Structures are given as structure tokens and as C-alpha cells.
Amino acid sequence: MQTDKIIPNSGIAAKGGMTGGYMRGALLTAATALAFILSAPAQAQTEQTVPPAQTNQSAQTGPNDQATPPSQTANKADNKAALQNAGSAASAVVFMYHRFDEGEYPSTNTRVDQLSAHISELGKSKYHVMGVADIVSAISAGKALPDRAIGITVDDAYRSFYSVAWPMFKKAGLPVTVFVSTSQLDAGYSSYMTWDMLRDLVKQGVTVGGHSDNHAHLSSVPIAQTRAELENSAKRFKQELGFVPELFAYPYGEADTEVQQAVRDAGYKAAFGQQSGGFDKSADMFYLPRFALNEHYGSLDRFELAANSLPLDVSDLTPANYTLQRNPPAFGFTLLKPANDVKCYPSEGTATMSRLGDERVEVRLDGPVSPGRWRINCTAGGPDGRWRWLGMLYTVPKDIKTSG
């Protein structure tokens with residue numbers, strides 16, 4: 001058994017860890033340090049005012065009786081051509097944005113110059129930007145994708161997406177999915193889009209995804225409230241747009257097994273969190289990763305690193321529930337493909353990593369982690385200088401039992 005003690009903020013492996021070429025180790029250290037930084041999420045939108053959940057409403061219309069959504073990809077023909085010409089690639093990377101050109105909220109904002117650089121990078125011939133729904137469908141069906149398939153998502157339907165970012169994406173011919181919390185539009189807040197704006201975007205080819213009704217911390221409320229959130233959201237989408245979305249994104253990236261089942265039962269085909277990494281058919285289709293971007297973590301070098309990343313394929317991931325039942329967590333996974341240079345970096349705590357044979361990786365922390373959200377990112381070297389990533393986000397309840 002090999003052990004490797006990781007100092008999370010420095011990315012330095014302690015003596016006695018796995019050996020390898022000095023230069024490759026240095027590169028891996030730099031890349032994994034960037035992995036931890038890049039995975040930092042857009043923070044919770046504490047400045048927004050959201051009305052309380054209305055769990056007493058009875059929605060009569062749900063996803064199972066939805067109309068078929070209109071064609072919603074800005075370059076559907078290009079997506080079709082990309083799939084027809086797909087090689088042997090089977091993975092994709094999806095990015096997540098929130099606000100644009102709203103400098104007073106740097107933790108959720110992307111500057112125009114940053115977005116312009118991202119779009120310019122994605123214009124290179126090696127990338128294939130596709131509708132997220134097309135990516136999910138291809139991976140679910142086991143179909144090949146073009147190499148470096150990229151999806152673009154925007155959470156929360158801020159008005160700056162409509163006025164600032166969408167014209168830039170549209171000019172570049174890049175399809176976008178926007179995840180919408182319906183009560184935020186109903187409330188008429190000036191910082192959010194209106195239903196008329198959203199209808200206009202649908203006509204222009206933007207895909208709409210579900211994001212609950214009130215943007216609640218779904219894993220922290222009673223499951224009945226979560227189901228009511230999904231029902232109310234579906235009802236409003238049906239009334240305003242004539243269809244219910246097929247894709248979902250968990251508010252704050254928070255989920256647990258009951259919440260995931262509720263999203264399945266609501267009729268969604270896949271759901272996204274806010275953890276970093278690429279994904280393929282080995283991923284949990286109801287907790288798919290996305291690389292979060294904002295002012296602090298939106299530099300071009302980090303964007304390129306993420307856009308060129310590959311999934312770190314694993315099975316038997318523990319904890320299997322994305323809301324922790326014990327603290328500190330006992331994190332681990334089984335590699336589906338050989339990887340000798342795996343390193344894991346937690347957002348809090350000092351981690352000791354053990355290799356059990358060639359396949360099993362176990363990570364143990366030196367103590368409990370704080371309530372809220374806890375992340376861990378694992379990377380390994382891939383082909384052609386690319387990096388394999390596995391990012392996980394776990395919700396840590398305040399009243400969780402701690403163990404020594």
C-alpha cells in the first residue's frame with residue numbers, strides 16, 4: 001500500500017509518496033494546484049432576494065405531460081455535422097457562468113474581456129462547441145463525440161446574460177443553455193430577465209433548463225418541499241413557454257440521493273452540479289460536472305486547461321450520497337483505467353491518500369470539515385499533455401455527526 005500525504009494549498013506531496021520523473025511531478029503539481037483553484041464555484045448569491053418557498057401550491061402540470069420543446073440550439077446544423085463526423089472521443093467539458101459585466105459581484109461575475117477571450121479560444125478548430133442537450137444525448141446513448149466537445153451553461157437567468165453575453169455568444173455561433181429558477185422571473189427583480197426576454201431567447205435558439213422554483217438549498221429542506229419546488233417550476237415553464245425543460249441544474253450544486261430521485265421522478269433526463277471535471281458514460285448522469293467561471297477564476301490559461309481536460313474515469317465512488325452522513329468523509333474510488341500519478345486535493349483539511357493495489361484510491365482527512373460545502377479534486381496525467389480530472393462537491397450539514 002502506498003500513501004501520499006497532500007498539503008492542499010501548496011500542492012506538495014510529502015516525502016514517502018509515489019515516485020516518478022521529477023519534471024512530470026512538477027508539472028502535475030502545478031496542474032493539480034490549478035485544478036483546485038479552477039474548481040472554485042461561483043459563490044451563493046447572497047445579494048439576491050428570493051420569496052419563501054410556497055409548498056402549499058398544488059401544480060397540476062408536470063414534466064410527464066410536457067409539450068416537446070422547440071429546437072433550441074443556435075447552430076443545430078453544426079451540432080449534427082459534428083456528431084456525424086465524430087471520431088472515437090466519448091467525453092465532454094461543460095462550463096458554467098452566472099453574471100456578466102457586473103463588477104460589484106466578482107464571485108459570480110465574468111468580465112467582458114474575459115468572456116471575449118473565452119469565446120476567441122473556443123473559436124479554434126480543435127474545439128467543438130455543442131448544445132448541452134446534444135452532448136448529454138450522445139453520451140447517454142453511447143455515441144461518439146468529436147474531440148474536445150464543449151458545452152456552455154449559464155445559471156440563474158440574470159439580465160446581463162440577455163443584454164451582454166448572449167449577443168456575444170450568438171455572434172460567435174455558440175449554443176448556450178440557461179438554467180432558470182422560475183420564481184426569480186415571477187418576482188420581477190430588475191437584475192433578472194423577464195419571461196418575455198426568456199421567450200425571445202428561446203426563439204433565437206437558447207436552450208432552457210430547470211433550476212428549481214425558489215433556488216433553494218434542495219438537500220437541506222424536506223423532500224416534500226423539493227418535490228413542490230420541481231412541480232411549481234414545471235407548472236410555470238408550461239404556462240410561460242409551453243414546455244418543461246429536459247435538463248436540470250441543482251442550485252448551489254447541492255444534492256443528495258433523495259433530491260436526485262425527485263429530479264428523475266420529475267422527468268428530467270440529466271442534472272448538473274457545480275463540481276469540476278469532464279465527463280463521459282461512466283459519470284452519474286444526475287450529478288454531472290461543470291467548470292465554474294468567474295472574475296477570480298476566469299483567466300485564459302485556466303480556461304484552456306479546463307477546456308482540454310478529460311474525465312478521470314472511476315467507479316465505486318464513496319461517499320455515494322452527495323450530502324455527507326459522517327464527518328470527516330471517507331473519500332475513495334476505483335480507477336477504471338490505469339493511472340499511476342493520481343493526486344487529490346481537498347478544499348479543507350490535510351489529506352492522506354492511499355493506493356490499494358493498482359486500482360483503488362482512498363483519501364482520509366486529518367479531522368472534520370466545516371458545515372457548508374466541501375470539495376475534493378483529483379487529477380492524473382493524460383495523453384498529449386492533457387489532464388484527467390475528477391471533482392466532487394459534498395454538502396456538509398450543520399448537525400452532522402463527527403467521528404475521530
Residues whose modelled amide H sits under 5 Å from the amide H of residue 209, counting only those 5 or more places away in sequence or on another chain, are 178, 179, 180
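List, in the order given, every pair from 281/401; 126/281; 126/238; 170/337 whose Cα-Cα distance in the structure shown is over 28 Å.
On the way: 281/401 34 Å; 126/281 22 Å; 126/238 38 Å; 170/337 38 Å.
From 281/401; 126/281; 126/238; 170/337, over 28 Å: 281/401; 126/238; 170/337.
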What is the set of long-range amide H partners of residue 312 at a cut-off below 5 Å, with H atoms built 1.01 Å from backbone N? 278, 389, 390
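Defining a contact as two alpha carbons under 8 Å apart and six or more residues distant in sequence, what relative contact order in percent does region 333-400 show? Walk me through the numbers on the way to the answer.
Working: 115 pairs, mean separation 20.6, N = 68.
Worked out over region 333-400, it gives 30 percent.
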Please list, in order along region 213-230, the HN-Hα scalar couplings obtained from phi with the Karplus expression 6.51 cos²θ - 1.76 cosθ + 1.60 (θ = phi - 60°), rounded to whole Hz, x for Gly and Pro. 8, 10, 6, 7, 6, 4, 7, 10, 10, x, 4, 4, 5, 4, 5, 5, 4, 5
Region 343-354 - phi-based ³J(HN,Hα) in whole Hz, Karplus 6.51/-1.76/1.60, Gly and Pro as x: 10, 10, 10, x, 6, 8, x, 8, 9, 10, 9, 10
Taking region 292-356, which trypsin sites (Lys or Arg not before Pro) meet the DSSP loop condition and have no more than 15 other C-beta atoms within 10 Å? 326
Taking a point 7 angstrom from the Cα of residue 340 along the C-beta vector, which residues in region 371-393 have backbone N less than 20 Å away? 379-389
Whole-Hz ³J(HN,Hα) from phi, Karplus 6.51 cos²θ - 1.76 cosθ + 1.60, for region 269-278, glycine and proline x: 8, 6, 9, 10, x, 10, 9, 7, x, x
Which whole-number value in Å² is the accessible area per residue of region 175-291, probe 1.4 Å? 28 Å²
Would you pull out the residues with amide H under 5 Å of residue 100's amide H, same chain only if 5 or more places away, H placed 1.01 Å from N? 110, 160, 161
Sort out for me the Cα centre separation of region 196-227 from region 242-278, rounded to whole Å. 10 Å
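The values are calculated or read from the model by the stated rules, or taken from the named source; none is laboratory data. These numbers were taken from a predicted model, which means no experiment stands behind them. Don't worry about glycine lacking a Cβ; one is built from the backbone with ideal geometry, like all the others, and counts go over all protein chains shown. SASA here: full protein model, heavy atoms, side chains in, ligands and nucleic acids out. Shrake-Rupley method; radii C 1.70, N 1.55, O 1.52, S 1.80 Å.
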